[in-house]
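To start, the structure under review is shown below, and the notes come after it.
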Amino acid sequence: MNITIHFMLLSIIGVVFFLTRKRYVNKYEQAMKVQEYQFRKTIMIRDEIISLGSLMLQESDQQVILTAILEKAVRVIDNADSGSVIFIKDDGYCEFISAVGFDMEDLKDVELKIEDTFLYRETNGKMDRAHIVNNIMEFNVKHNIPIELIDRLDNAGVIEILSTISVPIIIGEKVTALLNLDSLKPNAFDEEDVGLAEVFVSKASLAMKNHQLFQETIQLSRFDSLTGLYNQRFFKVLLEDTIDQCMQQMEPFLIVQFDIKGLRTINSEFGHLAGDGLLKYFATHMESKFKNVDYFGRNDGAELIGVIHQMSDEELIGKLNDLKKWFDENPYVYGSNRINFSFSFGIVEFGLESTKSDELIQTASDRMNLDKRK
């Protein structure tokens, strides 16, 4: 009897030891798998960040870079199925400037106010930190999202998402855009995912800042800072291109040069700020009266110059005389002063009188000076 009991006890101990060992082995194997997964993921994140750095050194197109950032973020972050970058415009509206997993053409039709974004509502307008929305349906109910907006998002395929990480892209001290990573699963993200998303946001912020600096550089190299028209150097580049195209197609065009009459007297009486303001006022309203195919530049000092397509000499003279009448009725207002002014102009026709840019500009200038002395 004692031997039987002893044998049974040994059997039970053996079974317990076997089961305990099996659980331990399973836990160990699971821990090793987790560790191996985390190691591989760390390597993948490192490789993706390195490749992004290389891309950003070679690529100047902002949308290409942002799309690459989104693709890599979706690849690295568990449960992320899609993503988008939403640019915040000065008027308070937003536009999608990049997306992965959505049709950009559909997203362009979505009119979104900043107040309608996940991050704005979840942070009470501060948008100073990343936020997880792990149940979109609850979010819509909680914040009374208008049904019209839900319908627009539905048409763009956005409504299918169930979880989102939204991270602000801050340039300087201003929230310039939002990077959203989306999942088709509820409760898909955690704080570790937010940390990874912020790594990619830092790259997006750098890309957008570089793009901003690039655009500012282009602006300075091509445009006159006072009038907003092309500067003298870049206008000449465009004029040479126009001459080449019109030579091939045998198309005429007109060059017109302008000068505000009595600008020195206005500078003396009201100051140079008034004169600068008048020149800008004249340039802005003059340019607005012509077609998009026409273009204008600041030639020298107070002189402006333009290339006019698909218009005869007589039609242009009539248009400029109408413009003089408009300025008579709408004088420049500087403080409490209403400053009346007029302008002289000279016109030359490409092809009929010359095909060389310097000769065309000189002829237009000479005729403008003749008009000034009338």
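The condition of being in a strand (DSSP E or B) and either over 25 Å from residue 226 (Cα atoms) or out of contact with any helix residue (DSSP H, G or I) (no Cβ under 8 Å at 6 or more places or on another chain) (or both) does not hold for residue 307. Inspection of the stretch 331-339 identifies at least one residue that is small (Gly, Ala, Ser), exposed (fewer than 14 other Cβ atoms within 10 Å of the Cβ) and under 23 Å from residue 276 (Cα atoms). Hey, can you tell me all the residues within the stretch 324-359 that are assigned to a helix (DSSP H, G or I), in contact with a helix residue (DSSP H, G or I) (Cβ under 8 Å, 6 or more places away or on another chain) and within 17 Å of residue 254 (Cα to Cα)? Passing the criteria: only 357.
For the stretch 84-92, the criterion of being surrounded by 18 or more Cβ atoms within 10 Å (Cβ to Cβ), of a type in the set (Lys, Arg) and closer than 27 Å to residue 212 by Cα is satisfied by no residue at all. With respect to (1) loosely packed, with under 14 Cβ neighbours inside 10 Å; (2) among the hydrophobic types (A, V, I, L, M, F, W, C); (3) under 16 Å from residue 230 (Cα atoms), the lone exception for residue 352 is condition (3).
Of all the residues in the stretch 181-239, those that are over 25 Å from the mean Cα position of the chain (by Cα) and of a type in the set (Lys, Arg) number 3.
Is it the case that some residue within the stretch 220-228 is touching a strand residue (DSSP E or B) at 6+ places or on another chain (Cβ under 7 Å) and not charged (D, E, K, R)? Looking for residues that are touching a strand residue (DSSP E or B) at 6+ places or on another chain (Cβ under 7 Å) and not charged (D, E, K, R), one finds at least one in the stretch 220-228, hence yes.
Inspect the stretch 138-160 for any residue being modelled with pLDDT of 80 or more, under 18 Å from residue 179 (Cβ atoms), surrounded by fewer than 18 Cβ atoms within 10 Å (Cβ to Cβ) and of a type in the set (S, T, N, Q) and give the result as yes or no. No, the conditions are met nowhere in the stretch 138-160. Just one of the listed residues (14, 83, 53) is of a type in the set (Gly, Ala, Ser), outside the structural domain of residue 135 (by TED's automatic domain parsing) and at pLDDT 60 or above, namely 53.
The values are calculated or read from the model by the stated rules, or taken from the named source; none is laboratory data. From a predicted model like this one, the values you see are computed outputs, not experimental measurements. All Cβ positions, even for glycine, are placed from backbone atoms using ideal geometry, and neighbour counts span all protein chains on display.
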